[in-house]
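Novice: Once you've had a glance at the structure underneath, I'll fire off some questions.
The values are calculated or read from the model by the stated rules, or taken from the named source; none is laboratory data. Since the model is a prediction, treat every value here as computed from it, not as a measurement. Here the Cβ positions follow ideal geometry from the backbone for every residue, glycine too, while neighbour counts run over all protein chains shown. SASA here: full protein model, heavy atoms, side chains in, ligands and nucleic acids out. Shrake-Rupley method; radii C 1.70, N 1.55, O 1.52, S 1.80 Å.
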Amino acid sequence: MTQDELFKVLVAHCKEYGFIFPSSEIYDGLAAVYDYGQMGVELKNNIKKYWWGAMTRLHENIVGIDSCIFMHPKIWEASGHVGAFNDPLIDNKDSKKRYRADVLIEDYIAKLEEKNAKEVEKGRKKFGDAFDEEKFLQTNPNCVRNSEKIAQVRKRMADALNANDLKELRQIIIDCEIACPISGTKNWTEVRQFNLMFSTQLGSVGEEANTIYLRPETAQGIFVNYLNVQKTGRMKIPFGIAQIGKAFRNEIVARQFIFRMREFEQMEMQFFIKPGTELDWFAQWKKNRMAWHVNLGMGAENYRFHDHDKLAHYANAATDIEFNFPFGFKELEGIHSRTDFDLGNHQKFSGKKIQYFDPESNESYTPYVVETSIGVDRMVLAVLSHSFKEETLENGETRVVLSIPAPLAPVKAAVLPLVKKDGLPELAQKIMDMLKFDFNCQYDEKDSIGKRYRRQDAIGTPFCITVDHDSLEDGCVTVRYRDTMTQDRIKIEDLPAMIHREVDLGVLLRKL
Ligand code: GAP
């Protein structure tokens, strides 16, 4: 199965098993908006708990807040979003399809990178153990040509974006002979800027002055509460404020399922620091955030840093943590050194003094900020796409399994009476009553035990607990493990401790 086909199967699986539904589906859906079902919401909540715990519990100097989606419209002028939160748009005149010009160019670069990866694979097969990838990339003529082209196009694009040179962006598309994926033609319009913020009206009068925006990032809610938190929490620099909440962007290219949505959720942390220390903190937060990801056990090789060529309007250093999604390495999290851009501008626009008095150096300054910002939905997609497997078993049967890291799994254990009689359901219910206060569990007595195992595999339940006739005599149950399908006989009273060891978020946090 190609990665493309696998992705389609995953999307269908998410719907079939109650993880993610297209929004407003009975009205034919709403583009790039999705709802989380009964399994999806559990997975999403567990991801949020893992992040929140890692930020606010493991750092005594990081506290959380929950600010509103609606904010004073001046905030978005101060932050630069009214003037500069734009995407460069281009239309194909034949297909009438609209694209982000930078995404078209990035896709072109990704194709060249793919070509190089294929050459490397061929080389590896040809030269075996003696293969030196770095040397191969530097000497193979095709790879050298592709690498030069990649570097040249990257530089041209970064320069054009930094200079807001829309004509040059179009010219790159023409020079690279990029064709519309739908019509196959190169019949392009000019490139135009398009602001991504949704606006609405506050109150009943539709006047310009009443226009407010749905926040495109949660970060500004943190900046405008900086003084409140610093004073009431008696926080000393360096300290951080964390927040989880919805953000909204009128994305032009809203594809790839929950990767790019118009309504999504962010987990952001602003770390307030002394000016001049930002690059050290930037490096520390890069390390810290990568460790948080790798700690989940989804393979260190599936993450990489990508330093930005084009810096956002507020940053003096920026990197992405990219994840190996089914459609290639793409941004999962952003880490930005935002300088004093935001606090400085809020000071200017609000007329309120936003300064920190440093008792050690006896000076006042506007703090600098290093931000970590991750999309909850992208994290859900990373976990689901990495976990989804179609396996052929030794007996030739197939099973679909989601090997979700156990602390994130929606359901931790399923309690299954072997048959619906002889007192087994009653004992199974007692086990449910024992476990339900600590773990999200499911009781299931319908269909054969094999079918019930498959249903639990498909939603990623780490443990199936089967109650059989022997259980009535010996007080033990059979525990079947999701990933290995091996089974153990375990005393009923030992179940909570055994499950706890594998699924508790505290255990995961302790490994950080
Ligand atoms: N406050 C900084 C900020 O918002 P960003 O790189 O624009 O930075 C941060 O966004 C993260 O939010 C991204 O790394 C991504 O995970 C997530 N994100 C951004 N736009 C998104 C969208 N349209 N759909 C889903 N997630 C999105």
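Novice: Filter the trypsin sites (Lys or Arg not before Pro) in segment 475-512 to those in DSSP coil with at most 12 other Cβ atoms within 10 Å of their Cβ, and list the result.
Specialist: Hits after loop and neighbour filter: K511.
Novice: Calculate for the chain the 222 nm mean residue ellipticity that helices alone would give, adding -39,500 (n - 2.57) per DSSP H run of length 4 or more and normalising by residue count, nearest 500 deg cm²/dmol.
Specialist: Value at 222 nm, helices only, nearest 500: -12000 deg cm²/dmol.
Novice: Then there is this: Pairs K125/K511; K118/K155; K15/K451; K118/K287; K246/K446: which are spaced more than 29 Å apart, C-alpha to C-alpha?
Specialist: K125/K511; K118/K287; K246/K446
Novice: About its Cα centre, what dipole magnitude does segment 86-195 give when the only charges are +1 on Lys and Arg Cβ and -1 on Asp and Glu Cβ, stated in debye to the nearest 20?
Specialist: 340 debye
Novice: Does anyone have the angle between helix 278-294 and the longest principal axis of the chain? Alpha-carbon axes, 0 to 90°, nearest 10?
Specialist: Helix 278-294 and the main axis of the chain meet at about 30 degrees.
Novice: Another question, if that's okay. Within segment 75-99, what residues put their amide N at less than 11 Å from the label point 7 Å along the Cα-to-Cβ vector of S350?
Specialist: Answer for this model: 75.
Novice: Could you sort the peptides 193-199, 230-236 by per-residue average Cβ neighbour count (10 Å cutoff), highest mean leading?
Specialist: Put in order of decreasing packing, that is 193-199, 230-236.
Novice: Straight-line reach from K236: which aspartates and glutamates have a Cα under 12 Å away, not including same-chain ones fewer than 8 places off?
Specialist: E60, D358, E360
Novice: In degrees between 0 and 90, to the nearest 10, how far off the longest principal axis of the chain does helix 376-387 point, with axes built from Cα atoms?
Specialist: Tilt of helix 376-387: around 50 degrees.
Novice: Going 7 Å from the Cα of D35 along its beta-carbon direction, which residues of segment 2-28 have the amide nitrogen within less than 18 Å of the resulting point?
Specialist: 12-28, by backbone N distance to the label point.
Novice: With point charges of +1 on the Cβ of Lys and Arg and -1 on the Cβ of Asp and Glu, referenced to the Cα centre of segment 394-510, which listed residue (V507, L472, Q487) lies farthest in the positive direction of the dipole?
Specialist: Projecting each Cα onto the dipole axis, the largest value belongs to V507.
Novice: Among residues other than R510 whose Cβ falls under 12 Å from its Cβ, what is the net charge (Lys/Arg +1, Asp/Glu -1)?
Specialist: +2
Novice: Sorting check: for 400-413, 151-164, which peptide has the highest mean count of neighbouring beta carbons within 10 Å, and how do the rest follow?
Specialist: Packing proxy ranking, top to bottom: 400-413, 151-164.
Novice: With a point put 7 Å past each Cα toward its Cβ, work out how far D66 is from F127 in nm, to one decimal.
Specialist: Once both label points are built, they end up 5.7 nm from each other.
Novice: Test of the criteria: in segment 406-512, which GluC sites (Glu not before Pro) are in a DSSP loop and have at most 10 other Cβ atoms within 10 angstrom of their Cβ?
Specialist: Here no loop site has a sparse enough neighbourhood.
Novice: Counting only residues 5 or more places away or on other chains, whose amide H sits under 5 Å from the amide H of A247 once H atoms are built in the peptide plane?
Specialist: F264, E265, Q266
Novice: If you count only protein heavy atoms with a 1.4 Å probe, what accessible area per residue comes out for segment 86-195, rounded to a whole Å²?
Specialist: Solvent-accessible surface per residue comes out at 61 Å².
Novice: Taking the Cβ of K436 as the centre, find all other residues whose Cβ is under 12 Å away and add up their charges (Lys, Arg: +1; Asp, Glu: -1).
Specialist: 0
Novice: Beyond a 22 Å Cα-Cα separation, which of these cross-linked pairs lie in this structure: K96/K186; K412/K491; K149/K286; K93/K167?
Specialist: In this structure, K149/K286 lie more than 22 Å apart at Cα.
Novice: Sticking with this structure for a sec: Between M498 and E363, what is the label-to-label distance in nm when each label sits 7 Å out along the Cα-to-Cβ direction?
Specialist: 6.2 nm
Novice: What is the sum of charges around G37, taking Lys and Arg as +1, Asp and Glu as -1, for the other residues whose C-beta is under 12 Å from the C-beta of G37?
Specialist: Summing Lys and Arg as +1 and Asp and Glu as -1 gives -2.
Novice: Are there trypsin sites (Lys or Arg not before Pro) in segment 68-133 that DSSP puts in a loop and that have at most 16 other Cβ atoms within 10 Å, and which ones?
Specialist: Within segment 68-133, the qualifying trypsin sites (Lys or Arg not before Pro) (loop, at most 16 other Cβ atoms within 10 Å) are K93, K96, K97.
Novice: Still on this model: Along the Cα→Cβ direction, 7 angstrom out, place labels at Q152 and A12. What is the inter-label distance in nm?
Specialist: 4.4 nm
Novice: Roughly what angle does helix 101-127 make with the longest principal axis of the chain, taking Cα atoms, 0 to 90 degrees, to the nearest 10?
Specialist: 60 degrees
Novice: Per residue, what volume in Å³ does the convex hull of the Cα atoms of the chain enclose?
Specialist: Taking only Cα atoms, the chain has a hull volume of 212 Å³ per residue.
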